[in-house]
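Chemist: Could you have a look at this structure, given as structure tokens, before my questions?
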Amino acid sequence: MNIRIHASFLPHDDPEAALAFYRDTLGFEVRNDVGFEGLRWITVGPADQPATSIVLTPPLADPGITDDERRMIIEMMAKGTYAGIVLATADLDATFAKLQAGDAEVVQEPTDQPYGVRDCAFRDPAGNLIRIEEIR
């Protein structure tokens, strides 16, 4: 069996800010940008990994959620506890410097973790936690 990760989903509440962060700050390519009824779904990913994507989604577009759930999602996004992703890089210090220079919200500077990884953390414009591990 050969199963790969094809796409992960992260919410956004401002498509232009999401584009600026994922395209301009992280350097991902935009693979798709679809609008429907005033909402946008934006697919991005690393240029050298065409089979792996992140879909930036409007979190309140699901018709199956209740008004209470919508309020909870908005609250959790505002606190930065709704969604996150772990990325990897060979040069954590250079990646951290680039993100910091791009005004990304720093959550944690590069740190050697007791569980064996070296990583840092940022929040994207929607509050999603973006952890970046150094691959050795």
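The values are calculated or read from the model by the stated rules, or taken from the named source; none is laboratory data. What you see is a predicted model; the values in this text were computed from it and never measured. Backbone-built Cβ (ideal geometry, glycine too); neighbour counts: all protein chains shown. What goes into the accessible areas is simple: the full protein's heavy atoms, side chains included, and nothing from ligands, DNA or RNA. Shrake-Rupley method; radii C 1.70, N 1.55, O 1.52, S 1.80 Å.
Chemist: Do any residues in region 77-106 that are closer than 17 Å to Ala20 by Cα and open to solvent by less than 30 Å² (accessible area, probe 1.4 Å) have Cβ atoms under 7 Å from those of residues that are hydroxyl-bearing (Ser, Thr, Tyr) and part of a helix (DSSP H, G or I), where the two are at least six apart or on different chains, and which pairs are they?
Modeler: Final answer for the pair search is Leu99/Thr25; Ala104/Thr25.
Chemist: Does Ala90 count as small (Gly, Ala, Ser) and closer than 24 Å to Val55 by Cα?
Modeler: On the way: small (Gly, Ala, Ser): yes; closer than 24 Å to Val55 by Cα: yes.
It is true that Ala90 is small (Gly, Ala, Ser) and closer than 24 Å to Val55 by Cα.
Chemist: Identify all residues within region 84-99 that are closer than 24 Å to Asp33 by Cα and assigned to a loop (DSSP other than H, G, I, E, B); write none if there are none.
Modeler: none
Chemist: So which of Val30, Val86 ends up being within 13 Å of the chain's Cα centre (by Cα) and modelled with pLDDT of 95 or more?
Modeler: Numbers: Val30 fails: within 13 Å of the chain's Cα centre (by Cα).
Answer to the selection: Val86.
Chemist: Give me the pairs: first residue in region 47-69 and farther than 18 Å from Val86 by Cβ, second residue outside any loop (DSSP other than H, G, I, E, B) and not β-branched (Val, Ile, Thr), beta-carbon distance under 6 Å, and six or more apart or on different chains, which are they?
Modeler: Listed by first residue and then by second, the contacts come to Ala47/Glu29; Thr57/Phe9; Thr57/Pro11; Thr57/Trp41; Pro58/Leu39; Pro59/Pro11; Leu60/Arg70; Ala61/Leu39.
Chemist: Anything in region 108-136 that is without any contact (Cβ under 8 Å) to a residue 24 or more places away in the chain and either under 18 Å from Thr25 (Cβ atoms) or open to solvent by less than 40 Å² (accessible area, probe 1.4 Å) (or both)? List them, or say none.
Modeler: Gln108, Glu109, Gln113, Val117, Ala121, Phe122
Chemist: Also: Looking only at region 1-45, count every residue that is open to solvent by 60 Å² or more (accessible area, probe 1.4 Å) and among the polar types (S, T, N, Q) and tell me the total.
Modeler: Matching residues across region 1-45 total 2.
Chemist: List the pairs whose first member sits in region 1-13 and is closer than 18 Å to Leu39 by Cα, whose second member is open to solvent by 100 Å² or more (accessible area, probe 1.4 Å) and part of a strand (DSSP E or B), and whose Cβ atoms are under 7 Å apart, counting only residues at least 6 apart or on separate chains?
Modeler: none
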